[in-house]
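Student: Sending over a structure as structure tokens; questions will come in a sec.
The values are calculated or read from the model by the stated rules, or taken from the named source; none is laboratory data. Note that the coordinates shown come from a computational prediction; the quantities given were computed from them, not determined experimentally. No Cβ is skipped: glycine too gets one built from the backbone with ideal geometry, and neighbour counts run over all protein chains shown.
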Amino acid sequence: MKKVSVLGSTGSIGKSTVDLIKHNPDDFEVVALTGNQNIELLAAQAIDLSAQLVVTADTKKYKELKNLIGSHSIEVAAGRDCVIEAAQRSSDVIIAGIVGAAALEPTLAAVRRGTVIGLANKESLVCAGDLVTAEVKKSGATIIPVDSEHNAIFQVFDFNDVHHIEKIILTASGGPFRNSTIEQMASVTPDQAVAHPNWSMGAKISVDSATMMNKGLEMIEAFHLFPINKDQIDVVVHPQSVVHSMVSYVDGSVLAQMGTPDMRTPISYALAWPHRLPTRSAPLDLIGIGSLNFEAPDPIRFPSLRLAREALQTGGSAPTVLNAANEVAVSQFLKGKIGFLDIFNVVEKTLGKVSHSTLEALSDVLSLDEDARKTAASLA
């Protein structure tokens with residue numbers, strides 16, 4: 001049995017991971033589960049999976065969690081430091097599913113332990129890609145990307161022959177406003193933005209898909225995950241979300257990974273790597289789908305790709321600022337305080353106002369992240 005910990009078990013990725021573990025009980029032993037506000041679900045998961053440790057990041061929720069666990073022999077803890085400690089517990093694989101920059105410290109803790117990490121949090125590599133990859137080299141940790149796009153690339157990327165790879169191609173669904181005009185997008189509501197046409201995801205990630213910022217962040221993440229140059233990353237819109245991404249080789253071959261849009265597939269790959277795990281995902285029915293379409297992203301209606309590519313080329317702290325500003329802007333949009341198109345404006349203005357620098361330590365990343373958030377909040 002593999003020992004597994006799930007960071008962010010009550011989120012979208014975490015719930016899919018728990019579902020896989022529950023349906024493959026002979027394959028996994030759960031070391032730790034962590035969550036934040038959804039205490040009832042967190043406690044239920046811990047009891048269902050007989051977890052050794054359950055942690056809420058919110059110290060105010062400790063007593064509630066402890067009461068819900070009751071007489072079950074499960075260790076209960078609370079607070080950010082305890083989430084980090086959970087990541088340090090001995091396990092064979094950790095699924096890092098915490099959303100946003102809050103995942104950075106526990107992810108680094110897992111990396112330093114030298115284990116296998118199923119990374120579902122793109123912000124860790126966007127905010128601190130150089131630091132994370134340096135720690136990976138030191139510890140010998142293995143990062144298996146859980147994002148469907150990077151997981152697809154991982155499955156068809158020839159790491160033994162990288163010189164013959166021409167480029168990687170990230171596919172994007174285009175989100176719910178792929179065919180909307182700028183005028184229509186100006187009046188978009190949060191409910192409309194989180195209604196993704198293909199995937200079931202959390203609110204923040206769904207908005208990132210609607211703005212296509214998720215694809216911008218994925219470009220930056222891909223640069224740190226794979227031995228490629230910054231100009232070897234393309235994005236193509238593929239509305240059906242069947243081809244999850246591709247790798248193009250110098251001989252003209254293009255290798256693609258396909259499947260139904262179900263996050264249990266890439267999660268299962270990370271859990272079972274280097275083997276595979278049965279899932280309850282619907283089989284891919286190409287005849288039923290009939291046709292697959294591809295188109296170029298519109299840089300006018302979706303400037304996120306330009307902003308992210310500029311941040312990637314600038315390097316250093318620019319991606320950290322990009323991510324922080326986007327998190328603040330999306331949060332303000334979801335609260336109804338700014339419009340959908342204002343998200344782009346807040347990010348671009350923040351990038352222009354916060355000075356870029358070299359990030360040499362985690363403290364540099366956290367300090368810059370805080371400064372960028374304050375700047376973005378003042379602009380939102």
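Student: Does segment 231-253 include one or more residues that are in contact with an Asp or Glu (Cβ under 7 Å, 6 or more places away or on another chain), small (Gly, Ala, Ser) and farther than 18 Å from residue 120 by Cβ?
Tutor: yes
Student: Give me the pairs, please: first residue somewhere in segment 264-287 and within 16 Å of residue 1 (Cβ to Cβ) and hydroxyl-bearing (Ser, Thr, Tyr), second residue anywhere and assigned to a helix (DSSP H, G or I) and at pLDDT 95 or above, beta-carbon distance under 6 Å, and either six or more positions apart or on two chains.
Tutor: Sorted first by the residue in segment 264-287, then by its partner, the pairs are 268/20.
Student: Another question, if that's okay. Please report, ordered by residue number, the helices (runs of 4 or more DSSP H) entirely within segment 1-90 with at least 2 residues that are among the polar types (S, T, N, Q).
Tutor: On the way: elements: 12-22, 39-49, 62-69, 80-88.
Passing ranges, in order: 12-22.
Student: With the structure loaded, tell me whether residue 253 is in the same structural domain as residue 368 (by TED's automatic domain parsing), among the hydroxyl-bearing types (Ser, Thr, Tyr) and out of contact with any helix residue (DSSP H, G or I) (no Cβ under 6 Å at 6 or more places or on another chain) or whether it fails that test. If you could, list the steps in order and put the result at the bottom.
Tutor: Details: in the same structural domain as residue 368 (by TED's automatic domain parsing): no; among the hydroxyl-bearing types (Ser, Thr, Tyr): yes; out of contact with any helix residue (DSSP H, G or I) (no Cβ under 6 Å at 6 or more places or on another chain): yes.
Considered against the rule, which asks whether it is in the same structural domain as residue 368 (by TED's automatic domain parsing), among the hydroxyl-bearing types (Ser, Thr, Tyr) and out of contact with any helix residue (DSSP H, G or I) (no Cβ under 6 Å at 6 or more places or on another chain), residue 253 comes out as no.
Residues are listed down the side, and each one gets a yes or a no for (1) of a type in the set (Ser, Thr, Tyr); (2) more than 30 Å from residue 21 (Cα to Cα); (3) not assigned by TED's automatic domain parsing to the domain that holds residue 334:
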position: 213; (1), (2), (3): no, yes, yes
position: 221; (1), (2), (3): no, no, yes
position: 224; (1), (2), (3): no, no, yes
position: 246; (1), (2), (3): no, no, yes
position: 249; (1), (2), (3): yes, yes, yes
position: 280; (1), (2), (3): no, no, yes
position: 291; (1), (2), (3): yes, yes, yes
position: 302; (1), (2), (3): no, yes, yes
position: 307; (1), (2), (3): no, yes, yes
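Student: Residues that are in contact with a helix residue (DSSP H, G or I) (Cβ under 6 Å, 6 or more places away or on another chain) and buried (at least 16 other Cβ atoms within 10 Å of the Cβ): find the helices (runs of 4 or more DSSP H) completely inside segment 132-200 holding 2 or more of those.
Tutor: On the way: elements: 148-156, 182-185, 190-193.
So the answer is 148-156, 190-193.
Student: Hey, among 65, 104, 41, which residue is touching a residue at least 12 places away in the same chain (Cβ under 8 Å) and either touching a Pro at 6+ places or on another chain (Cβ under 6 Å) or surrounded by fewer than 21 Cβ atoms within 10 Å (Cβ to Cβ) (or both)? Even if it seems obvious, please write down each step before you answer.
Tutor: Details: 65 fails: either touching a Pro at 6+ places or on another chain (Cβ under 6 Å) or surrounded by fewer than 21 Cβ atoms within 10 Å (Cβ to Cβ) (or both); 104 fails: either touching a Pro at 6+ places or on another chain (Cβ under 6 Å) or surrounded by fewer than 21 Cβ atoms within 10 Å (Cβ to Cβ) (or both).
Within the list 65, 104, 41, the selection yields 41.
Student: Give the residue, chosen from 58, 92, that is over 27 Å from residue 145 (Cβ atoms) and within 22 Å of the chain's Cα centre (by Cα).
Tutor: 58
Student: Which members of segment 115-133 meet the condition of being small (Gly, Ala, Ser) and either modelled with pLDDT under 95 or within 18 Å of residue 368 (Cα to Cα) (or both)? Full working, then the answer.
Tutor: Kept after step one, since they are small (Gly, Ala, Ser), are these residues of segment 115-133: 118, 120, 124, 128-129.
The answer is 120, 124, 128, 129.
Student: Looking at (1) assigned to a helix (DSSP H, G or I); (2) surrounded by fewer than 21 Cβ atoms within 10 Å (Cβ to Cβ); (3) in contact with a Pro (Cβ under 7 Å, 6 or more places away or on another chain); (4) not hydroxyl-bearing (Ser, Thr, Tyr), can you tell me which one residue 333 breaks?
Tutor: Of everything listed in (1) assigned to a helix (DSSP H, G or I); (2) surrounded by fewer than 21 Cβ atoms within 10 Å (Cβ to Cβ); (3) in contact with a Pro (Cβ under 7 Å, 6 or more places away or on another chain); (4) not hydroxyl-bearing (Ser, Thr, Tyr), residue 333 misses just condition (2).
Student: Tell me which residues, restricted to segment 344-369, are more than 21 Å from residue 214 (Cα to Cα) and not aliphatic (A, V, I, L, M).
Tutor: Answer for segment 344-369, where residues must be more than 21 Å from residue 214 (Cα to Cα) and not aliphatic (A, V, I, L, M): 353, 355, 356, 357, 358, 360, 363, 364, 367.
Student: Looking at 265, 358, can you tell me which residue is over 30 Å from residue 28 (Cβ atoms) and either hydroxyl-bearing (Ser, Thr, Tyr) or modelled with pLDDT under 95 (or both)? Before the answer, list the steps.
Tutor: Working: 265 fails: over 30 Å from residue 28 (Cβ atoms).
Only one candidate qualifies: 358.
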